[in-house]
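Below: the structure, in structure tokens.
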Amino acid sequence: MMKKSPFRDEWGDLKDGWIFVRFLLVSIALVAAAVVIMLLLVSLGIAPEEASIFFSGLLPLVVALSLSRR
């Protein structure tokens with residue numbers, strides 16, 4: 001007999017509160033990755049303006065793709 005997970009409902013989907021927690025964790029991880037990549041690009045000599053333009057277009061795309069995979 002399988003033990004019921006406290007994070008999932010009877011159909012195996014994440015409960016509403018845990019969907020929000022997953023969204024927050026994914027968002028924090030994406031922002032942290034963007035900051036690390038931005039620091040790497042700046043340390044390699046790319047101007048901060050160019051790096052911020054790159055991430056202003058890339059980060060919303062990655063967030064939208066991660067949220068669409070449900």
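Hey, can you tell me all the residues within the stretch 20-32 that are in contact (Cβ under 8 Å) with a residue 12 or more places away in the chain and either among the aliphatic types (A, V, I, L, M) or loosely packed, with under 13 Cβ neighbours inside 10 Å (or both)? Within the stretch 20-32, V26, L30, V31 qualify. Within the stretch 38-47, being surrounded by 11 or more Cβ atoms within 10 Å (Cβ to Cβ) and at pLDDT below 80 holds for M38, L39, L41, V42, I46.
The values are calculated or read from the model by the stated rules, or taken from the named source; none is laboratory data. This is a predicted model, so every value here is computed, not measured. Neighbour counts run over all protein chains shown; Cβ positions are idealised from the backbone, glycine included.
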